[in-house]
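Just below is one structure, and these are the notes that go with it.
The values are calculated or read from the model by the stated rules, or taken from the named source; none is laboratory data. Everything numeric here is computed off the predicted structure, so don't read it as measured data. No Cβ is skipped: glycine too gets one built from the backbone with ideal geometry, and neighbour counts run over all protein chains shown.
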């Protein structure tokens, strides 16, 4: 049995897989063209968010039994097509929950108190004490779009800060400390809005120009979920118009995102899709990946 590692994966996970008698080929920089050529020789492949597993790869994967995604989202894999070919598609849904939730809450503080902008000002030798008046999170309303594992972890942390938490979900759901409301009501009431939904047809640009019209003046937006769920052009103009007071982005419609016009705005802060990028999360993801690979190839 052979497994192809297509993206950076914890070395301990690779050791665990190898100890189970599975040949591990580590090619974390493999190109799409190289992947199509190489994949026929493998029984399993491991990917993170970088590698896209689309129809050409799946068609070429004549021996593939499983695709293991180290992470939560599966939008970089044509899941149903893979399943139609008898290929299992597995992920590690809980391993990065805490890391992404903590980054989200970090962005709540950063937006509320202008922390990145104050740091930039200080490094420029300025003392702009009156310029950066912030707000407190206590008694503010946080609207969470998508109360899955990560959304609910964010809600728990926000409750501890004294925030009121609203959430929108397709269907019936209950959670302690969370008020489930229609999407329009979430837009109208929230001081902060955080997205934690997968990117698919029903969530594409779920926050858009019409959504911004329904929001409070001075709302702040956070997206540590998936790119493509916010209309980035609409967000740009909403900030320019003063409707949105600040935005924090870890994910983008197109990645890698370089030179995006949103980053010409002082009100925008962000990161290069590092939500799961902690030492602890990396180790947990690796452990789950190893278990999933070994389990899939043992069947």
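The number of residues in the range 1-23 that are surrounded by fewer than 20 Cβ atoms within 10 Å (Cβ to Cβ), within 16 Å of residue 65 (Cα to Cα) and free of Cβ contacts under 8 Å to residues at least 60 places away in the same chain comes to 2. Answer yes or no: is there a residue in the range 54-61 that is touching a residue at least 12 places away in the same chain (Cβ under 8 Å), buried (at least 21 other Cβ atoms within 10 Å of the Cβ) and out of contact with any helix residue (DSSP H, G or I) (no Cβ under 7 Å at 6 or more places or on another chain). No, the range 54-61 contains no residue that is touching a residue at least 12 places away in the same chain (Cβ under 8 Å), buried (at least 21 other Cβ atoms within 10 Å of the Cβ) and out of contact with any helix residue (DSSP H, G or I) (no Cβ under 7 Å at 6 or more places or on another chain).
Listed here are the residues, each with its yes/no results for (1) touching a strand residue (DSSP E or B) at 6+ places or on another chain (Cβ under 6 Å); (2) surrounded by fewer than 21 Cβ atoms within 10 Å (Cβ to Cβ).
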residue	(1), (2)
51	no, no
67	yes, no
76	no, yes
92	no, no
106	no, yes
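Quick one: is residue 142 buried (at least 16 other Cβ atoms within 10 Å of the Cβ), more than 14 Å from residue 195 (Cβ to Cβ), assigned by TED's automatic domain parsing to the domain that holds residue 191 and touching a helix residue (DSSP H, G or I) at 6+ places or on another chain (Cβ under 9 Å)? For residue 142, the condition - buried (at least 16 other Cβ atoms within 10 Å of the Cβ), more than 14 Å from residue 195 (Cβ to Cβ), assigned by TED's automatic domain parsing to the domain that holds residue 191 and touching a helix residue (DSSP H, G or I) at 6+ places or on another chain (Cβ under 9 Å) - is not met. Would you confirm whether any residue within the range 226-249 is in a loop (DSSP other than H, G, I, E, B), at pLDDT below 95 and surrounded by 23 or more Cβ atoms within 10 Å (Cβ to Cβ)? Within the range 226-249, one or more residues are in a loop (DSSP other than H, G, I, E, B), at pLDDT below 95 and surrounded by 23 or more Cβ atoms within 10 Å (Cβ to Cβ).
Here is a yes/no grid of residues against (1) at pLDDT 95 or above; (2) within 17 Å of the chain's Cα centre (by Cα):
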{"position": "117", "(1), (2)": "yes, no"}
{"position": "139", "(1), (2)": "yes, no"}
{"position": "145", "(1), (2)": "yes, yes"}
{"position": "171", "(1), (2)": "no, no"}
{"position": "176", "(1), (2)": "no, no"}
{"position": "195", "(1), (2)": "yes, yes"}
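Return yes or no: is residue 181 without any contact (Cβ under 8 Å) to a residue 60 or more places away in the chain and under 22 Å from the mean Cα position of the chain (by Cα)? Against the criterion (without any contact (Cβ under 8 Å) to a residue 60 or more places away in the chain and under 22 Å from the mean Cα position of the chain (by Cα)), residue 181 does not qualify.
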